[in-house]
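Okay, so here's the structure we're looking at.
The values are calculated or read from the model by the stated rules, or taken from the named source; none is laboratory data. Because the structure is a prediction, the values reported are computed rather than measured. Here the Cβ positions follow ideal geometry from the backbone for every residue, glycine too, while neighbour counts run over all protein chains shown. Side chains are part of the model used for accessible areas, which takes the heavy atoms of the whole protein and leaves out ligands, DNA and RNA. Shrake-Rupley method; radii C 1.70, N 1.55, O 1.52, S 1.80 Å.
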Amino acid sequence: MAKQPPRPMKDPLDDEVNALLQQLPGAEPSPGSDAEDPTAPGAANVGAGAAGRAAPSRRDRVLVWTRAGLGTLLGVAVTQWPYLHECGFSLLGFLAALLVIVVAGVWASFWAWKMRMAAAHLLSVVVAVWALALVANQVLPRTGYAGAQATWRCRDTGSALPRDRGGFVGRPDGTRLGYRDIGPGSVSLVAAGAMVLTDFLRPLTQQQRVVLYDPRYRGVSQAVSDTAAVGIEGEVDDFAAVRQHFAAEDIAVLGWWYSGATVARFAALRPDIVRRVVLIAPVPPRRTSYRVDLSRGMGQDTLGLELLRIMRARGEDRTSPTDFCRRYWEIAVLAPWMGDSAAAGRSTMDPCRYQNEQPERREASLARLLDAFGDWDWTSDVGDFAGPVLIIHGTADPIPIEGAAEWIQSFPNARLLSVEGAGHMPWLDQPDVVYGAIETFLGGTWPEGAVGR
């Protein structure tokens, strides 16, 4: 057996140096160590450890998807941001929320990449990019890098956002009168009429503050009894209560249909508060002059009325009350009281949202009201109001315009504007004429075409 060559003697200092080097990160195996020996225990696993990582555990995967899901939810939620973010502190808050989403997306994508979870990584990157795009959409117009320019600070408009709110005015008997308060500044116009007038009056609220309320039994108002009769004096008292609720002084008043009589009587009682009066399609000042002539408008739709009768017979007024109500308003209310079919088509109101405007309740309340008015004659009651009064009445109104002419004789300073071809809601038939006349009159001058006695 051949002799083995003698092994060189090791210097103890070399062993100490090699031991220290092995403690450094990424150190190569020292010569003569077990790592050089392919037969050493564990040597076969060295390549596997260098080539890849162990698959993430179930807990790790749940955590990664939780991070990715959180960022995604935030990205979706920011599209429903409920506050204005065009300027000022609201804009800064919106941008801060977007930056949180960016951080959440980057954080989730980092862990997804580390765990080699491609789908979660891609989702997280998309969320981060989406948030950055929203940031750019707000920042670029304010730094000169967009076609439309914007500012960081809000402009001082001198007032808060336009007012548009509702509420109730309580009455001693428990009745609650629903109102709508719209427009800037102090109250300058108080209007009586069912809430169906809201859309009609809204164009008048751009430059002034308007309060509109529902008489009892109409719109959103809540009466304590469905049978109690309320005459003209009760209507005037309700109007006075609404006016008092807002402490409105030096106001114009407006009334449509039977509420025209309400505001006319109130103006005569409080000429110190009322400066101008607008009556639209009012009932005449005497009961003997009150009549309805549907032949002046479009006339009754006999086939439509038969359809309503059939629907009632089938019980659809109970099983589908809203659908039946809308048919009722279209056939029995709007169409016969309009000057033409196009006018009815321009109506955007939906009175059937209110229980008081359901057909049976509406008809009962109107019949009860007219009975409570009794044999009225207000021709001598309004003569004490010397301020200007504008009556707007359509020539095709089923309530004949001759009754409106009697108001001209009752007031000392009144004029009548006849709207050719218009029905009971003249703002639908001739919107330009009616709105223009009201704005001119409230501005201090008589509209063109308004004639006196």
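Given the condition open to solvent by less than 70 Å² (accessible area, probe 1.4 Å), in a helix (DSSP H, G or I) and either among the hydroxyl-bearing types (Ser, Thr, Tyr) or touching a strand residue (DSSP E or B) at 6+ places or on another chain (Cβ under 9 Å) (or both), answer yes or no: does some residue in the range 349-363 qualify?
Residues of the range 349-363 open to solvent by less than 70 Å² (accessible area, probe 1.4 Å): 349-352, 354, 356-359, 362.
Next, only the ones that are in a helix (DSSP H, G or I) stay: 351-352, 356-357, 359, 362.
With the extra rule that they be either among the hydroxyl-bearing types (Ser, Thr, Tyr) or touching a strand residue (DSSP E or B) at 6+ places or on another chain (Cβ under 9 Å) (or both), the set shrinks to 356.
There is at least one residue in the range 349-363 that is open to solvent by less than 70 Å² (accessible area, probe 1.4 Å), in a helix (DSSP H, G or I) and either among the hydroxyl-bearing types (Ser, Thr, Tyr) or touching a strand residue (DSSP E or B) at 6+ places or on another chain (Cβ under 9 Å) (or both).
Residue check: is Ile392 closer than 20 Å to Gly436 by Cα, of a type outside the set (Lys, Arg) and either open to solvent by 50 Å² or more (accessible area, probe 1.4 Å) or more than 29 Å from the chain's Cα centre (by Cα) (or both)? Walk me through how you get there before you give the answer.
Numbers: closer than 20 Å to Gly436 by Cα: yes; of a type outside the set (Lys, Arg): yes; either open to solvent by 50 Å² or more (accessible area, probe 1.4 Å) or more than 29 Å from the chain's Cα centre (by Cα) (or both): yes.
So Ile392 passes the test.
Here is a check on your reading of the model: is Trp378 among the aromatic types (Phe, Trp, Tyr), in contact with a strand residue (DSSP E or B) (Cβ under 7 Å, 6 or more places away or on another chain) and over 29 Å from Ala335 (Cα atoms)?
no
When the residues of the range 296-311 are narrowed to those that are in a helix (DSSP H, G or I) and in contact (Cβ under 8 Å) with a residue 12 or more places away in the chain, which ends up nearest to Ile401 (Cα to Cα)?
The extreme case among them is Arg296.
For the range 169-183, give me each residue that is in a loop (DSSP other than H, G, I, E, B), open to solvent by 50 Å² or more (accessible area, probe 1.4 Å) and in contact (Cβ under 8 Å) with a residue 12 or more places away in the chain.
Answer for the range 169-183, where residues must be in a loop (DSSP other than H, G, I, E, B), open to solvent by 50 Å² or more (accessible area, probe 1.4 Å) and in contact (Cβ under 8 Å) with a residue 12 or more places away in the chain: Arg171, Asp173.
Determine which single condition Trp113 fails, assuming it passes every other condition in (1) hydrophobic (A, V, I, L, M, F, W, C); (2) open to solvent by less than 70 Å² (accessible area, probe 1.4 Å); (3) modelled with pLDDT of 85 or more.
Failed condition: (2).
Within the range 235-269, can you find the residues that are open to solvent by 20 Å² or more (accessible area, probe 1.4 Å), touching a helix residue (DSSP H, G or I) at 6+ places or on another chain (Cβ under 8 Å) and of a type in the set (Gly, Ala, Ser)?
Hit for the range 235-269 is Ala240, nothing else.
Which one of the conditions (1) more than 21 Å from Thr288 (Cα to Cα); (2) assigned to a loop (DSSP other than H, G, I, E, B); (3) modelled with pLDDT of 90 or more; (4) not aliphatic (A, V, I, L, M) does Ser418 fail to meet, given that it meets all the rest?
Going through the list (1) more than 21 Å from Thr288 (Cα to Cα); (2) assigned to a loop (DSSP other than H, G, I, E, B); (3) modelled with pLDDT of 90 or more; (4) not aliphatic (A, V, I, L, M), Ser418 breaks only (2).
Anything in the range 395-415 that is surrounded by fewer than 16 Cβ atoms within 10 Å (Cβ to Cβ) and farther than 27 Å from Ser295 by Cβ? List them, or say none.
Pro412, Asn413
How many residues are open to solvent by less than 20 Å² (accessible area, probe 1.4 Å), part of a loop (DSSP other than H, G, I, E, B) and out of contact with any Gly (no Cβ under 8 Å at 6 or more places or on another chain) if we restrict to the range 426-453?
Qualifying residue count for the region: 1.
Checking Asp226 against (1) under 27 Å from the mean Cα position of the chain (by Cα); (2) at negative phi; (3) in a loop (DSSP other than H, G, I, E, B), which test does it fail?
Unmet condition: (1).
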